[in-house]
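Novice: The structure under discussion is supplied below as structure tokens; questions concerning it will follow.
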């Protein structure tokens, strides 16, 4: 029998550690954390950004749109539309600003202030999924054949090898 | 051609006026406020609660689940399941607590502290709709035949008349 | 292996007992009664109304639209739209009249004739759910804090206590 | 602005004329008859059957499941499952019996009593569509090449020609 | 843990045996053949047609639209719209031609050349289902009462008996 | 009034020009090319690959799963799952092999033979969209701030500038 615990979660007020390479930390509450979300089509996230460049790097949610509100900080955010236009829609956000990242599009947020930033975000799925582009492309397990990536990204094979060493075995 | 303005909104950091009868104020950003949400299946709200009993009164969203996070304050929240059980699932929430109100169920939030409260909430539709029970039942335009309400709620007809006078012509 | 029994049900021609407080009786055939309905997105109901005021009291279906046809009797029916308009759309129905209650909205039917009434209704879900407003609000298990209801419905606390005694422990 | 007329229809109590070749008459109320059904995912039908063999001939609804209740009469009904089993699930129905015809499957109803029969049916779409097999196959406009039908149904070409003459130019 | 085998299938380049009564052979890869398709909403088919009249006889997919491309051969294809129009939309297709058969409608393909024909087709469901009209109508298990079919198709009962003998017990 | 032209397209048998930087060419037939696909949930593509390394570079479809069949050639294909695993599921495909790229995941195909390759693919949307990762990330219009990309991909800013010059203003 369902209880309040199946529909709740605590501690989203506590700043997360952003002492990692990109300087950001996503706390996503999906159906794995809140079982009562099953079939209900929504989830919630807190994202923390380190001062001076904390970045939630370019990523997509394969099964969700995201809408966020800035609680604290100054963020440069944007998304890129599909082929053939690849239009980049961006904005600098301040506390109280809201922004939408449409279903499946590549998007990111960058902290451009000298203080930490925090947002809350709703996502339109109980299991939105996240694909961090750099990690999926250069850090998959096993690695993608480096020739594919060198050709796709027009990069020297040595740079691809370097990136695969960096991102590989590390789904950060 | 779509621009960043179609996907954004500002000012959700500003406390709303809660000087009304119930002592709460919902600022919902749906597809009417953010046209870029069209077909994307999500919206976002800020809710302010007055100290000492600010109440977001019992209501439903006919087309959405809601998930909220408490930014500030102490809230007694809950929802009631469908017939025949009508189970009341409730909890007292503190800053950082998250709670889910499943699709279509009656729910409310009450500020039980001496200070204001604020939450942010995601809703799983670009047009969730809100039905405030008291207003829909006793304050519709035109009014429902009072005999229906007297019988349904087992209330004296005078009390129904009083409530219809109070809620009628006023969708507060 | 599925058989005809998984897709059928008998006895919907038999008048139901309407000798209860509200004077109505809903016989809903959903996926629990007809297992073959699983995933098929529809269910069927018969509703009986006592003469002289039999009432199917204000309620919502959290997961369905309802369309009914009057087989016998005279019914005053209606639904209320969402905030902020709370428009009440109503009509008196006679045998052969059809009426639609849109997804998730509060609606009711009242027998205004001196003879019994009967309708058949289709609902757009194999598990539509029903939330009887009075029972969910005043008769939940456990009860909602009466201060919430007194404030929400602008009722004296004594009346709330009386209603909770009346509806509580009785999900009729 | 929507009114009650957008959500209602009258006259479904009046027996329909069944003096046609198959001896049945379907009165479907979909979004064309009741504009308020738009996007709401349901419609309603009355079907009349002549005594002694009135037949609602084999047909499918490309966008809906159907659930019916017998108001009057005795009906032999059934549907056929998909390849490779083509199982025929059938039953004789009496007043008060309910039967489900799953999404997209071929089904029919035959009046096997000496008196008229009537059913009401819910369909899980505001625009379910109906494909009467004999009419679509042998009476399309223009006609299908008769060689296709002779081969598909293993019929002599003369019989196909006869059927096309009979059903063609007549979507009965 | 999922592997590439869960998402793949081999051998769709091999011509299928079309030495059957209708002279065609459908190889459908749905979620039963490729388990990774679960919930993903698509499947793929190869269809082979014998020279001089190989026919994929009139059928529907209760849960899918189909889009095909001709790899080899010349096909006369078409579908019939719903009641009341029953419009027959048809075309002769050559290699490289693409054609759409909308959700749930009756359609067929006939090889009108002296050489074999082959198509590949996408279907908009991981489990589209197929209802071959002749087999479902005349070859169900058990058989439909022949009186129903005689009346529905305006056929002499002897012809119905003959067809039921032919198609029955044989879901070809 | 709809005609066969609204449901068809010609010329998908003609090899496309693969003389571009990546050595591949996607011909997607969606609702823009075939208006009859509207609301029907499917589309079809032909993809040509140049010999010796023709690459359909890493991309996603924000609104579709893809299933392809190899008509000619030898392809090394794969997709990467979501965080945190980023598992790379890959396979070498020969003529007649089929492979599924699940909804929204990054995937690619590489021609590893000395001859051209061709596939046909079904996609589970009438408007699947395509996001070519390199073009969206490094070639958007306007360009993303290079600091974001340098940090996200751990690349020297000069390499980012070089890539943006290469991909920018050119949605290839």
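Novice: Using 19 Å as the cut-off for backbone N distance, which residues of region F:40-59 belong to the label zone defined by a point 7 Å from the Cα of residue F:26 along Cα→Cβ?
Specialist: Only F:41-51, F:53-59 pass the distance filter.
Novice: Related question: If we count other beta carbons within 10 Å of each Cβ, what is the order of D:106, F:42, fewest first?
Specialist: If I rank by nearby Cβ atoms, fewest first, I get D:106, F:42.
Novice: Here's a follow-up. Run the numbers on chain E and let me know its relative contact order in percent, using alpha-carbon pairs under 8 Å that are six or more apart.
Specialist: Relative contact order here is 24 percent.
Novice: Could you check how many percent of all C-alpha pairs in region F:1-41 are farther apart than 18 Å?
Specialist: Taking all Cα-Cα pairs of region F:1-41, the fraction more than 18 Å apart is 41 percent.
Novice: Can you give the angle from 0 to 90° between the axis of helix A:157-167 and the longest principal axis of chain A, with both taken from C-alpha atoms, to the nearest 10?
Specialist: For A:157-167 against chain A, the angle is about 30 degrees.
Novice: Let me ask something additional. Any idea what the relative contact order of region D:1-89 is, in percent, if you count C-alpha pairs under 8 Å spaced at least 6 apart?
Specialist: This gives 23 percent for region D:1-89.
Novice: Now for a separate question. Rg and Dmax of the protein assembly as shown, using alpha carbons, in Å: what are they?
Specialist: Cα radius of gyration and Dmax of the protein assembly as shown are 31.0, 90 Å respectively.
Novice: Just tell me how shielded E:66-75 is by partners: mean number of partner chain Cβ atoms within 10 Å of each residue's Cβ, no decimals.
Specialist: Taking the mean over all residues of the peptide, I get 4.
Novice: In nm, to one decimal, how far is the modelled label at residue B:166 from the one at residue A:52, with both set 7 Å along Cα→Cβ?
Specialist: Distance between label points: 5.9 nm.
Novice: State, to one decimal in nm, how far the label point of residue B:115 lies from the label point of residue C:115, with both points 7 Å from Cα in the Cβ direction.
Specialist: 6.7
Novice: Here's something else I'd like to know. When you look at the Cβ of every residue in D:15-22, what mean number of other chain Cβ atoms sits within 10 Å?
Specialist: 1
Novice: Still on this model: Using the count of nearby Cβ atoms within 10 Å as a rough guide to exposure, how do A:115, F:132, C:60 rank from fewest to most?
Specialist: Fewest-to-most Cβ neighbours within 10 Å comes out as A:115, F:132, C:60.
Novice: Follow-up question, since we're still on this one. For region D:106-172, what is the convex hull volume of its Cα atoms per residue in Å³?
Specialist: 145
Novice: With springs only between Cα atoms under 10 Å, which of E:91, E:158, E:114 fluctuates most in a Gaussian network model of chain E?
Specialist: Fluctuation is largest for E:158.
Novice: Same structure again: Please work out the ratio of the alpha-carbon Rg of region F:4-129 to 2.2 N^0.38 Å and round it to two decimals.
Specialist: 1.05
Novice: Further question on the same structure: Could you check the simple spin-label distance between residue C:83 and residue F:141, using points 7 Å along Cα→Cβ, in nm with one decimal?
Specialist: That separation, rounded to one decimal, is 4.4 nm.
Novice: Given the DSSP H assignment, sum -39500 (n - 2.57) over each helix run of at least 4 residues in chain A and divide by its residue total; what's the result at 222 nm in deg cm²/dmol, nearest 500?
Specialist: -4000 deg cm²/dmol
Novice: Could you list D:123, B:44, D:28, D:55 in order of exposure, starting from the residue whose Cβ has the fewest other Cβ atoms within 10 Å? Could you put the intermediate results ahead of the total?
Specialist: Values: D:123 30, B:44 26, D:28 19, D:55 23.
Exposure proxy ranking, most exposed first: D:28, D:55, B:44, D:123.
Novice: Just tell me how shielded B:103-112 is by partners: mean number of partner chain Cβ atoms within 10 Å of each residue's Cβ, no decimals.
Specialist: Partner Cβ neighbours, averaged per residue: 5.
Novice: Just the projected area, averaged over all directions, of the convex hull on the alpha carbon atoms of region B:22-93: how many nm²?
Specialist: 6.0
Novice: If you don't mind, there's one more thing I want to ask. Note the distances from residue B:6 to each other copy's matching label point, with points 7 Å along the Cα-to-beta-carbon direction, in nm, sorted shortest first.
Specialist: 2.6, 2.6, 3.8, 4.1, 4.7
Novice: On a C-alpha basis, how far is the centre of region F:73-129 from the centre of region C:98-172 in Å? Whole number, if you could?
Specialist: Between the Cα centres of region F:73-129 and region C:98-172 lies a distance of 54 Å.
Novice: Could you identify which residue out of D:57, D:128, D:146 has the top mean-square fluctuation in a GNM of chain D using Cα springs shorter than 10 Å?
Specialist: Result for chain D, Cα springs under 10 Å: D:146 fluctuates most.
Novice: Give the value in nm², to one decimal: projected area of the alpha carbon convex hull of region E:57-172, averaged over all directions.
Specialist: 8.4
Laboratory data are not the source of any read-out in this text; all were calculated from the coordinates shown. Predicted, not measured: the structure shown is a model, and the values here were computed from it. Note: ideal-geometry Cβ built from the backbone for every residue, glycine included; neighbour counts use all protein chains shown.
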